[in-house]
Amino acid sequence: MGKRFAIIGAGMSGILTAIKLKERGIEDFAIYEKAARLGGTWRDNTYPGLSCDVPSHVYAYSFELKGDWSHRFSPGAEIQGYFEGVARKYGLDPYFRFNSEIERAEYRDGRWHLAIKGGTTDVVDFVIAATGVLHHPATPDIPGLGDFKGACFHSARWDHSTPLDGKRVGIIGTGSTAIQIVPALADRVSKLTLFQRTAQWVLPLANPPYSDDEKAMYLASPQSLQQSYDFWSARFVDTFARAVIGDQDELHRIEAACRTNLEENVRDPELRRRLTPNYRAACKRLIMSDTFYPAMQKPNVELVTDAIERIEASGVRTKDGVLHELDVLVLATGFDGHAFLRPIDVIGEGGLRLADAWAHANEAYRSVAMPGFPNFFMLVGPNSPIGNFSVILISELQLAYVLQLVGLVLDGKCHAVAPSQAATRRFNEALREAMKGTVWVTGCKSWYLDRNGNPALWPWSFDRFRAEMHAPDLADFDLVARETATFR
Ligand code: NAP
């Protein structure tokens, strides 16, 4: 009997999985997506100024490079268009099940039984969860949030019907998101107030447009495009990815560049002081922008560093007693980067619930699988992100690894495969040990850290990641021969 697959999520990793399954001649699969469209984070985030902080030529599937990106760092809408175009090109339309949220996935009698919101069901042999990392918006726990009389929305739920021109707009947060919104709005609004709890290090990376000649050149020459992909990949691997895991020379270079940016581009010493972080660069996700500081110095832009006391009908009251009156309030307050598959109720072998397996921490084996959850795989799962690197290549390497495990079943070598408890424990112990040498634990608060203070990132080099994803070490896996057999 042929095997059936369910892909959860129609974002970057879900589309990738569908393409690669089809490439192997596998047609019996569905891509379940709770929203009405594909695109994941690029569908959800439409805020003004949105662009990717990974260079365009790298932020694309390695097998589907695009020569005519408009800018060095692509605008969000262009990336969304790219994924829509790729899905069309690879004939994925018949496989999408939109508005179909998986509520429960239960492993019974050797197969995964899926319950989909609205009452439908499916039974599959493999689940590949491509549910993303930064998906669930974090709403700040600020008193009075519901009292605000103007428009108030999270940056990932931008309300495009809200007029902004000539309005008084407040933004809470100073992450990658807020720092892109500020320059995009500064010239449109009458007053922009940025509520900063923690200052950020900012690397002044410019985002020039590609000229028509450059685009024509990349379109005409796949070799040049590949060279650009290789160049930017190597650049990120050799700089950021090394700095965050402990290369002090590289980190000092980044820190110096951020400091110079502050000193040279923020004129007022008092504003500069308030924009200066008190932790190491790259401890939080490093911000790339050469437009943020200029925007912060416009006469209609105010930086507020007094803590927020509460939100009132007409604005934000800070602890110094000042009421900052606003028409619109944007919550650029980030995401729950640790929710992963949740709220899906995933029930593995013998009734083991993911909620229990992960009650203390999200512990996966090499980010892609979990003991007790046979034939269930994740892309960009726990500890996947590699310092500011493109998650697309990460996902591609993980999928190639996962498909080797899937191949064991398709080739009849076993009925099901899952990592062993012991191997998963060893991997997570090694992760925790390696985290001690990273910049993420040097004394800042960020979405990287889970509730135990452990960063949800990859603490080793990109080369090690590539090597670990090359081929599964079968000694680390439990393979069961028959549907009725159980794992150790
Ligand atoms: P974020 O980096 O988590 O930043 C959230 C911001 O909200 C922080 O400044 C945080 O302050 C603040 N905040 C949260 N709760 C608050 C509260 N109760 N009161 C006051 N301030 C509060 O979120 P993000 O900017 O959305 O970015 C998340 C990640 O998405 C990035 O790290 C990046 O990985 C990705 N991203 C990438 C791009 C890109 O490619 N260009 C763009 C956007 C996002 P504290 O620092 O004090 O906690």
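A straight chain from Ala471 to Glu263 at 0.36 nm per residue would run longer than the Cα-Cα distance by 70.1 nm. One decimal place: the segment Thr139-Ala434 gains 103.1 nm when fully extended, by the rule 0.36 nm per residue minus the C-alpha distance. If R0 is 56 Å, the Cβ-Cβ spacing of Arg88 and Asp320 corresponds to a FRET efficiency of close to 0.55. For the stretch 105-198, carbon and sulfur atoms together expose 48% of the accessible surface, with a 1.4 angstrom probe and every protein chain in place. By the Cβ distance rule of under 4.7 Å, the chain has these cysteines without a partner: Cys52, Cys152, Cys258, Cys414. For the chain, the convex hull drawn through the C-alpha positions has a volume of 154 cubic angstrom per residue. How high is the FRET efficiency from Glu106 to Ala234, r the C-beta distance, R0 51 Å, rounded to 0.05? Efficiency at R0 = 51 Å is approximately 0.70. Within the straight-line cut-off of under 20 Å between alpha carbons, the lysines reachable from Lys298 are Lys167, Lys191, sequence neighbours fewer than 8 places apart in one chain being disregarded. Note that the stretch 442-456 has calculated 3J(HN,Hα) couplings of 8, x, 10, 9, 8, 5, 4, 7, 7, 5, 9, x, 8, x, 8 Hz, one per residue in order, obtained from phi through the Karplus relation 6.51 cos²θ - 1.76 cosθ + 1.60 (θ = phi - 60°); glycine and proline are x.
Of the trypsin sites (Lys or Arg not before Pro) found in the stretch 145-223, those that fall in a DSSP loop while having at most 15 other beta-carbon atoms within 10 Å are Lys149, Arg188, Arg197. Taking every DSSP helix (H) stretch of at least 4 residues in the chain, weighting each as -39,500 (n - 2.57) and dividing the sum by the residue count yields a mean residue ellipticity at 222 nm of -9000 deg cm²/dmol. For the stretch 394-435, the normalised intensity computed at q = 0.35 Å⁻¹ comes to -0.98 (log10 of I(q)/I(0), Debye sum over alpha carbons, equal scatterers, no solvent). Annotation for the stretch 388-439: trypsin sites (Lys or Arg not before Pro) lying in DSSP loop with at most 12 further Cβ atoms inside 10 Å of their Cβ are Lys413, Lys436. Rolling a 1.4 Å probe over the protein heavy atoms of the stretch 355-400, with every protein chain left in place, gives an accessible area that is 55 percent carbon and sulfur.
The lysines whose alpha-carbon is closer than 25 Å to the alpha-carbon of Lys215, local same-chain residues fewer than 8 away aside, are Lys66, Lys89.
For the chain, find the longest principal axis of its Cα atoms and tell me its angle to the long axis of helix 176-186, 0 to 90°, nearest 10. Once rounded, the angle reads 40 degrees. Here the calculated FRET efficiency for Ala184 and Ala339, from their Cβ-Cβ distance with R0 = 30 Å, stands at 0.60, rounded to the nearest 0.05.
How about the stretch 296-329: which trypsin sites (Lys or Arg not before Pro) there lie in a loop by DSSP and see at most 16 other Cβ atoms within 10 Å? Counting only loop positions with at most 16 other Cβ atoms within 10 Å, the trypsin sites (Lys or Arg not before Pro) in the stretch 296-329 are Lys319. Computed log10 I(q)/I(0) for the stretch 46-181 at 0.20 Å⁻¹: -1.24, from the Debye equation with unit scatterers placed on every C-alpha and solvent omitted. Separation of the stretch 97-151 and the stretch 211-266, taken as the distance between their Cα centroids, equals 35 angstrom. Could you pull out every one of the lysines with an alpha carbon less than 26 Å from that of Lys117, ignoring same-chain neighbours closer than 8 positions? Once the sequence-local lysines are set aside, what remains near Lys117 is Lys3, Lys34. Accessible surface for the stretch 356-488, divided over its residues, is 39 Å² per residue with a 1.4 Å probe. Placing Ser420, Ser176 in order of accessible area, with the largest value first and a 1.4 Å probe, yields Ser176, Ser420. Under 5 Å from the amide H of Leu329 lie the amide H atoms of Ala151, Cys152, Phe153, Gly170, each residue being 5 or more positions distant or on a separate chain, with H modelled from the backbone and absent for Pro and chain starts. Gain on full extension, evaluated as 0.36 nm per residue between Lys22 and Ala256 minus their Cα-Cα distance, stands at 79.5 nm.
Taking every alpha-carbon pair under 8 Å whose residues sit at least 6 apart, the chain reaches a relative contact order of 19 percent.
The values are calculated or read from the model by the stated rules, or taken from the named source; none is laboratory data. Small disclaimer: the values here were computed from a predicted structure and weren't measured. Note that each Cβ is placed from the backbone with ideal geometry, even for glycine, and that neighbours are counted across all protein chains shown. Accessible surface is based on the protein model in full, side chains and every heavy atom, while ligands, DNA and RNA are left aside. Shrake-Rupley method; radii C 1.70, N 1.55, O 1.52, S 1.80 Å.
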